[in-house]
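Reading through the structure tokens given below for one structure.
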Amino acid sequence: MTDDTTQLLARAAALDATDPLAEFAERFVPASGVVAYLDGNSLGRPLRATSSRIDAFVRGAWGSRLIRSWDEQWMELPLTLGDRVGAIALGAAAGQTVVADSTTVMLFKLISAAVGLRPGRSEILIEGSNFPTDRFVASGIAAAHGLELRVLAGDPLTGVSAEGVAEAVSERTALVVLSHIDYRSGAVADMPAITAAAHAADALILWDLCHSVGAVPLELDRCGVDFAVGCTYKYLNGGPGSPAFAYVRSDLQGSAEQPIWGWMGAANVFEMREQYEPASGMRRFISGTPPVLGMLPLMDMLDLVEEAGLARIRAKSHSLTALAIEAYDQVLAPLGVTLRTARDPELRGGHVTFGHERFQEITLRLWGDGVLPDYRHPGGIRIGLSPLSTSHAETLRGVLAIRDALV
Ligand SMILES: *Cc1c(COP(=O)(O)O)cnc(C)c1O
């Protein structure tokens, strides 16, 4: 073992020893055969509490209350759970968040609704490095509505700037669609300044919060955000395919119209009316029967996030990503690996991306060894460090395993 490695191991151990959130890792189901889980931002780990919650649900609300549970709780669940996501993770007052569909479908609904609120405007503005689904959905809507999809370039490390948005947005812009945290670089966008820049041109803004929610504190109400969407299976540990959430600022809800007119989003659902008339409030953003089973694991993670507090979660995230970068400097940079994430902790989210031409092949080998990062084309290994389930020692094991695979 080199001196570098010995020092790093000692540092990781010391950081874990004083980590106020260290005990939370015990609350997760042990990951058998896993040496380092570095993909908590793609699929969060399940909590032990979730096993009992699902078992109780099968016996109780589903198994015994049966159809009565729709009246007793499930009809309201997309809204009550939405309010809880809003209160704990979004900085959103009640009545503005709903849990339903997938992020992709919610993007379709909200981008369509936003475009409908700005008739006569001719373009949607999006950043070129946004996640494929965001760009694809926006381009499909632009094509269907005869709008131009204008692509904004951001800095590879720090993403889209407020100045860049202010320059690009104009009286032609209906909507700006941005990720708050870039899925590759981890760059954090300046939500207050960029939202204000869009509003200065009377354009609307939609924030994708997939890589933010549960990892960084958010203040949607305070920033005056119009629309937001996000996943619940990343840092909210909702499990594979758990539903998305959508936020619509309260004063826009009466006039915003989403295009998937389903019975569950209609006024007076059980009157089975002849014509669709949207329900009031956030219910109008629902279309079909809500995925109740998929909402259960998320409840446990929300409890945990509330208990830990997002300020402490963000502080641990800073500490984990800083250690990853420190280890990068000592053991990966000398091997020609590049750093594709900002060094300033305020400018990065919960993940760090390294670049090397051999990373695609190396990721496969790492997975075989129980070290689980994510490969992101081209040539990027992304390590997503979910603060409540990941230790400093585990983070370091991951970086050292990448080094070992390269040499
Ligand atoms: C993960 C992710 C998605 C995923 O969308 P799904 O509909 O859940 O598949 C969308 N946008 C961003 C930015 C993401 O990171």
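The values are calculated or read from the model by the stated rules, or taken from the named source; none is laboratory data. On a predicted model such as this, the values are computed, not experimentally measured, just so you know. Heads up, the Cβs are rebuilt from the backbone with ideal geometry, glycines too, and the neighbour counts pull from every protein chain shown. Keep in mind that these areas ignore ligands, DNA and RNA; they rest on the heavy atoms of the full protein, side chains included. Shrake-Rupley method; radii C 1.70, N 1.55, O 1.52, S 1.80 Å.
Averaging 1/r over every pair of different alpha carbons in region 73-305 and inverting the result gives a Kirkwood radius of 17.6 Å. Quote the convex hull volume per residue of region 1-156, based on C-alpha atoms, as a whole number of Å³. In region 1-156, the Cα hull volume divided by residue count equals 222 Å³. Rank A342, A114, A13 by mean-square fluctuation in a GNM of the chain with C-alpha springs under 10 angstrom and give only the top-ranked residue. With Cα springs under 10 Å in the chain, the top fluctuation among A342, A114, A13 is at A13. Taking 7 Å steps out from each Cα toward its Cβ at E274 and E167 produces label points 5.7 nm apart. May I ask what percent, to the nearest 5, of DSSP beta bridges between residues of the chain are antiparallel? Around 55 percent of the beta bridges assigned by DSSP in the chain are antiparallel ones.
In percent, rounded to a whole number, the relative contact order of region 73-305 is 23, using alpha-carbon pairs under 8 Å and six or more apart.
Backbone phi angles across region 248-261, fed through the Karplus curve with coefficients 6.51, -1.76 and 1.60 (θ = phi - 60°), yield HN-Hα couplings of 10, 4, 4, 6, 8, 5, x, 9, 6, 10, 8, x, 9, 7 Hz in residue order; Gly and Pro are listed as x. Computed on the Cα trace of region 267-357, the radius of gyration divided by the Kirkwood hydrodynamic radius gives Rg/Rh = 1.28.
Within the assembled protein chains, the solvent-accessible surface assigned to F136 is about 130 Å², based on a 1.4 Å probe.
For R403, the solvent-accessible surface computed with a 1.4 Å probe is close to 50 Å², ligands and nucleic acids excluded. Considering every Cα-Cα pair within region 12-93, what fraction, in whole percent, is farther apart than 21 Å? Value for region 12-93 (Cα pairs over 21 Å): 56 percent.
3J(HN,Hα) couplings calculated from phi for region 346-354 with the Karplus curve 6.51 cos²θ - 1.76 cosθ + 1.60 (θ = phi - 60°) are, in sequence order, 5, 9, 10, x, x, 10, 10, 10, 10 Hz; Gly and Pro show x. One quarter of the surface of the convex hull around the alpha-carbon atoms of region 292-407 equals 8.2 nm², the direction-averaged projected area.
Put V229, V34 in order of accessible area, highest first, and with a 1.4 Å probe you get V34, V229. Measuring with a 1.4 angstrom probe and ignoring ligands and nucleic acids, D221 comes out at about 60 Å² accessible. For the chain, with all protein chains in place and a probe radius of 1.4 Å, 57% of the accessible heavy-atom surface sits on carbon or sulfur. Take every pair of alpha-carbon atoms less than 8 Å apart whose residues are at least six positions apart; their mean separation over the length of the chain yields a relative contact order of 24 percent. Full extension of the chain between S139 and T6 yields a length gain of 42.8 nm, computed as 0.36 nm times the residue separation minus the alpha carbon distance.
Ranking S122, S170 from most to least accessible surface, computed with a 1.4 Å probe over the protein chains only, gives S122, S170. With the cut-off at under 18 Å, measuring from each backbone N in region 104-120 to a point 7 Å along the Cα-to-Cβ line of L149 picks out 104-116. When each of the peptides 154-165, 304-315 is scored by how many other beta carbons lie within 10 Å of its residues on average, the order from highest to lowest is 154-165, 304-315.
Listed values for region 301-317 are Karplus-derived 3J(HN,Hα) couplings in whole Hz (6.51 cos²θ - 1.76 cosθ + 1.60, θ = phi - 60°), namely 5, 4, 4, 5, 5, 5, 5, 6, x, 5, 5, 6, 5, 5, 5, 5, 4, and x replaces Gly and Pro. What the Cα convex hull of the chain gives, in volume per residue, is 136 Å³.
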